[in-house]
Amino acid sequence: MCGIWALFGSDECLSVQCLSAMKIAHRGPDAFRFENVNGFTNCCFGFHRLAVVDQLYGMQPIRVKKFPYLWLCYNGEIYNFKQLQKQFGFEFQTLVDGEVILHLYNRGGIEQTASMLDGVFAFILLDTANRKVFLARDTYGVRPLFKVLTDDGFLGVCSEAKGLINLKHSTSLCPKVEPFLPGHYEVLDLKPSGKVASVELVKFHSYKDEPLHVACDTVETLPSGSFDLETVKSNIRILFENAVRKRLMAHRRIGCLLSGGLDSSLVAAVLLKLMKEININYPLQTFAIGMENSPDLLAARKVAAHIGSEHHEVIFNSEEGIQAIEEVIFSLETYDITTIRASIGMYLVSKYIRKKTDSVVIFSGEGSDELTQGYIYFHKAPSPEEAAEESERLLKELYLFDVLRADRTTAAHGLELRVPFLDHRFTSYYLSLPAELRIPKNGIEKYLLRQSFEDTNLLPKEILWRPKEAFSDGIASVKKSWFSILQDYIDQQVDDLLLEKAVEKYPFNPPKTKESYYYRQIFEKHYSGQSSWLPHYWMPRWVKATDPSARTLKHYKSAAQE
């Protein structure tokens, strides 16, 4: 996890522009570099480093003697870099996983490069010999990337939008900053003036397709075309374990978020098992957050005791949560209701990890709800086919919601997030299964995933079959959820008259509740006029919901009352 920033064709003084690069300093607390491009005095790179691999030669932009005309600034982890090196006979100059991007590009161009990378990444690749700039982002957008491109060819690129919104440019007072689409690469021509012109934007991978890099994966070839239940369950276990194993690549201490729900518990249990197998000589630290006696804290305690982790509990009160709202919205760069609610706990636990421990590489369970149909409203899906379509829509939009939350709340405190449920091969296999296999069964969501791990003894049975809790709700008590606490506070902060006039003030995605109005006010204070970053609010489907909280859904209420 690092912060990348680059400008091409700047009309303004670079020493002034580079102040914007400091807005993402939190992403890389270990080192900073600002470097001009030879022969292009108005082009430059900025890099904030979190040193996870190759402490000595890991600074960026990466340049190697073999390709003096290539400049690479990237944020991410390439899990198959050693396999690619072996397969193609690449001679590496450093121990940095990202160096493989230079070799792949030299060998087969940008399309093959992006398609062969097994990992999470956002990168800027400059080829001064051929006068090209390339941008690319991983399939699910686990690593963030924003860009601004003006009509006259000024390009700015950054890990977070906050590093671009105050850039100065002669022809535009407020250039449009937008997220770079996941699963795409863009080719731009670099002119002698340092300005650029976009040539093409290409989708290089669809999450339903088996990735090209399977050819150099470490896991054995799976039985294909068979949807026999035992075979499917075995394949799910093999691929999930493989997803966790490849993410153990780190020279810094590994930890794991543990809410006590199915997803984070599975990640923690498999992670600890694999750490023992490869003789990692420190205990796995797991981290849970909640209010006193919250369901998540109690469940996480059971899991930690079962798997034998060094468990940490972070207890916060309503005042601490409310005080964090503004800094959380600033970090997130969104005003989405459920994203903000769920981010408070994750932001506070990340703050604790950074201050009180030496864990830096943090595993988490993001992506499972979208992939395995874990949201409670999936019980209301009209058909397995519609449920499958909804699952794919959620995966496509992860970069706007849960993946955004997970990245920003951890990156705000200089931590690196790893999300095995979004492994390319695991997700493409799961999505290839018949729609009727993936739906909730017997009133239980994620039935197939739970079934697959039933006889492994990885988790206590009550955790393996624990019903879904929304993260923002699980951290509070059942009696009064976190969203109720928030609304009670916000009710005093937003006048009824303000809400009545919300459509006039905020015509795009107008707030419909006092809570959403409160968040929008804070967002506009920091990111005025940038409301289009969020195309729509996250809301459950097939139910008449006015609030995204799981606790407002009929299925949840009846389950809680039983």
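What FRET efficiency, computed as 1/(1 + (r/R0)^6) with R0 = 30 Å and r the Cβ-Cβ distance, is obtained for T357 and N279, rounded to the nearest 0.05?
Working: r = 21 Å, r/R0 = 0.71.
The computed FRET efficiency comes out at 0.90.
If we count every other residue with Cβ under 13 angstrom of A406's Cβ, Lys/Arg +1 and Asp/Glu -1, where does the sum land?
Details: positive: R143, R405, R408, R418; negative: D263, E366, D369, E370, D402, D407, E416.
That works out to -3.
In the chain, with Lys and Arg counted as +1 and Asp and Glu as -1 at Cβ, which of these residues, W533, F34, L400, has the Cα nearest the positive end of the dipole, that is, farthest along it?
F34
What length, rounded to one decimal in nm, is gained on full extension from K525 through to Y69, with 0.36 nm per residue of separation minus their alpha-carbon distance? Let's see the in-between values first.
Numbers: separation 456, 0.36 × 456 = 164.16 nm, distance 4.20 nm.
Extra length from K525 to Y69 when fully extended: 160.0 nm.
Whenever you get a sec, compute what percent of the accessible area on the range 188-250 sits on carbon and sulfur atoms (1.4 Å probe).
Working: 1530 of 3070 Å².
Result for the range 188-250: 50 percent of the exposed heavy-atom area is carbon or sulfur.
In nm, what is the difference between 0.36 nm times the number of residues separating E320 and V543 and their Cα-Cα distance?
Numbers: separation 223, 0.36 × 223 = 80.28 nm, distance 3.28 nm.
Fully extending the segment from E320 to V543 adds 77.0 nm.
Quick one: which residues, 5 or more positions from H184 or on another chain, have an amide H under 5 Å from its amide H? H modelled 1.01 Å from N in the peptide plane, none for Pro or chain starts.
Excluding prolines and chain starts, which carry no amide H, the hits are R137, F204.
What residue among L19, V177, V148 has its Cα farthest toward the positive end of the dipole of the range 3-203, where the charges are +1 on Lys, Arg and -1 on Asp, Glu, each on the Cβ?
Farthest towards the positive pole: L19.
Once you keep just the Cα pairs under 8 angstrom separated by 6 or more residues, what percentage relative contact order results for the chain?
Values: 1088 pairs, mean separation 77.8, N = 562.
This gives 14 percent for the chain.
Just the number, please: carbon plus sulfur as a percent of the accessible area of the range 350-459, 1.4 Å probe, no ligands or DNA/RNA counted. Mind dumping the intermediate values first?
On the way: 1390 of 3160 Å².
After summing per-atom areas, the C and S share lands at 44 percent.
Based on the mean of other Cβ atoms within 10 Å per residue, sort peptides 305-315, 244-254, 118-128, 197-207 so the most packed one is first.
Details: 305-315: 17.1, 244-254: 18.7, 118-128: 23.5, 197-207: 15.1.
Packing order, densest peptide first, comes out as 118-128, 244-254, 305-315, 197-207.
Calculate the dipole size of the chain relative to its Cα centre from +1 charges on Lys and Arg beta carbons and -1 charges on Asp and Glu beta carbons; express the result in debye to the nearest 20.
Working: 65 positive and 70 negative charges, 152 e Å.
The dipole of the chain has a size of about 740 debye.
Pairs K514/K544; K302/K396; K273/K468; K162/K208: which are spaced more than 26 Å apart, C-alpha to C-alpha? Let's see the in-between values first.
Numbers: K514/K544 19 Å; K302/K396 34 Å; K273/K468 24 Å; K162/K208 32 Å.
Violating the 26 Å limit, Cα to Cα: K302/K396; K162/K208.
At 222 nm, what helix-only mean residue ellipticity would the chain give, in deg cm²/dmol to the nearest 500, using -39500 (n - 2.57) for each DSSP H run of four or more? Show your work: numbers first, answer last.
On the way: 22 runs with 205 residues, N = 562.
That calculation yields -10500 deg cm²/dmol at 222 nm.
Going toward the positive end of the dipole of the chain, with +1 on Lys and Arg Cβ and -1 on Asp and Glu Cβ, which of C73, H379, S198 do you reach last?
Farthest towards the positive pole: C73.
Taking a probe of 1.4 Å, how large is the accessible area per residue of the chain, in Å²?
Values: 21430 Å² over 562 residues.
Computed with neighbouring chains in place, this is 38 Å² per residue.
Taking the mean number of other Cβ atoms within 10 Å as a proxy for protection, how do you rank 379-392, 281-294, 29-42 from highest to lowest? Don't jump to the answer; show the numbers that get you there.
Numbers: 379-392: 16.6, 281-294: 20.3, 29-42: 15.0.
In descending order of packing, they fall as 281-294, 379-392, 29-42.
So, counting K/R as plus one and D/E as minus one, what does the shell of residues with Cβ under 10 Å around K302 add up to? Let's see the in-between values first.
Details: positive: R301, R466; negative: E462.
Value of the local net charge: +1.
Report the extension gain between S206 and N130 in nm, rounded to one decimal, defined as 0.36 nm multiplied by the number of residues separating them, less their alpha carbon distance.
Working: separation 76, 0.36 × 76 = 27.36 nm, distance 2.85 nm.
Taking S206 through N130 to full extension adds about 24.5 nm, to one decimal.
Is the shape of the chain best called rounded, prolate or oblate, per the rule: a/c under 1.5 gives rounded, else a/b larger than b/c gives prolate, else oblate, with a ≥ b ≥ c the square roots of the Cα gyration tensor eigenvalues?
oblate
Using +1 on the beta carbon of Lys and Arg, -1 on that of Asp and Glu, and nothing else charged, what's the dipole of the range 205-263 about the Cα centre, debye to 20?
Details: 8 positive and 8 negative charges, 94 e Å.
Result for the range 205-263 is approximately 460 debye, rounded to the nearest 20.
The values are calculated or read from the model by the stated rules, or taken from the named source; none is laboratory data. All figures in this text were calculated on a predicted structure; none of them were measured in a lab. Glycine gets a Cβ as well: all are built from the backbone with ideal geometry, and neighbour counts include every protein chain shown. Each accessible area value is taken on the protein alone, full model and side chains, heavy atoms only, with ligands, DNA and RNA left out. Shrake-Rupley method; radii C 1.70, N 1.55, O 1.52, S 1.80 Å.
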